[in-house]
Each structure stands twice: as structure tokens, then as C-alpha cells.
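Here the structure is laid out as C-alpha cells; the discussion comes afterwards.
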């Protein structure tokens, strides 16, 4: 059974407000880049990281992590607290410490940390073009995952969570968050075991008029972009 969603909008015509305080996990060829907000106080950042540590540990289990502090200036005292209370407690395998702040980068180097982009990211990405990111868990509100390739979520995606992928996105459980598949263009799809999202994006198209009146609401579906329209087909799982 297939249906077509007519109301498509250009994302540029829809204003979206996003908090700048979210911790962003971005899938890469070598593992995951954890991008930390630079506008929070040291204490607020540490508390947010601690609140996120359990989910982050599950997301990055068995793979390497690059910690990206962006332009944040950090002190040696904060670095020691971040190490002892977040990194070591969460047992993260840190591949590299990154920042475009010269003082912060110098502190990382003086502490004996690896800095810069891991070399494996460049060579692996050139060969594979982006591997599949498998997440064996659920995503809660405020979590955002970005990945160059396909994303498979073997759990629920709660309202307020977001997945952006250059490839396809598959959510095995309930999909209530925002998904953007094919964010770099191309023909990709979004699949869900139970679709309950109010909006979604495929390529450069945005649909924000979804609701319970849709006959396939709450069902298992695969959604693709065909002839500039979103085509929805029910799945038998």
C-alpha cells in the first residue's frame, strides 16, 4: 500500500530553533566525533556531559571517540575534572582531542594528548564512502546524531531527538523525532517500525504537516522521494 504526501516545503522557508547547548555525536569513518558546546560555563558543560555519559558510552561502545571542544578555552583544572569525572568514568577510548582555540590545543599537546583528525578517517572514508552506523539503544530528547552513511537505530527515537544521515535511516522501533536522510542529496529512504513523527526530511525536501490523520500513522513504513513527492509504503515486519 502506497500513499503520497503532497505538502512539501523548502527547508529554507521553515525557521527552526535549535539549542546551542546540545552535545553532538557525528559518525565518521574512524568512529564518533563528540562535539561539545562552547557557550556553556565549565560547570554546566561538565554537568551536561555527566548527564549524557551513560547514553554516550552505549553509542560509542567498542569504537574510538574524538573529543571536539571547538573554540572553547579550557583550563588545566577543568581538563583534569573532565578526564576524571567523564572520560575515565565512562571508559571512552579517546582517539584525539580537538580545538581550534590555540591555547586549548597547546594545553592538549602539553598534556601528551593526540590532536587533530585521525589519519584513519581520511583513508577509510575514501574507500568506503561512509560506513553504516549501528546504534543498539534508544535516543532521547535533545540527542542528535549526524553520520556520513546509513544509520540503523535498533531502538526507539523519542520526540526531540534528531538523526541526520547522508544515506538511509532505519529506526526499528517507534520514530517520533526528526529524521533527515540523504542530507547531501541523492535518492534515499526513511524506514520505521512505528512511524509517529510530525516532520521529516528527504534530500532537500521537508514535510512538516504529518499527523494522526495519516492512514499509515503508527504503522511500519518505508518513505522515499519519488518525482518530488514523498511516497509512503507500509512494511510487514
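At R0 = 41 Å, how high is the FRET efficiency between residue 76 and residue 215 if r is their beta carbon distance? Nearest 0.05 is fine. So, using R0 = 41 Å, E works out to roughly 0.10. Return the percentage of antiparallel bridges among DSSP beta bridges fully within region 82-237, rounded to the nearest 5 %. Within region 82-237, antiparallel bridges account for around 35 percent of the total.
When DSSP beta bridges are restricted to pairs lying wholly in region 149-223, around 30% turn out antiparallel. When each of the peptides 223-232, 31-40, 168-177 is scored by how many other beta carbons lie within 10 Å of its residues on average, the order from highest to lowest is 168-177, 31-40, 223-232.
DSSP beta bridges confined to region 31-117 are antiparallel in about 0 percent of cases.
Measuring how big region 31-117 is from its alpha-carbon positions, Rg and Dmax come out at 11.9, 32 Å.
Here, each number is a calculation from the coordinates, and none is a lab measurement. The structure displayed is predicted, hence computed values, not measured ones. All Cβ positions, even for glycine, are placed from backbone atoms using ideal geometry, and neighbour counts span all protein chains on display.
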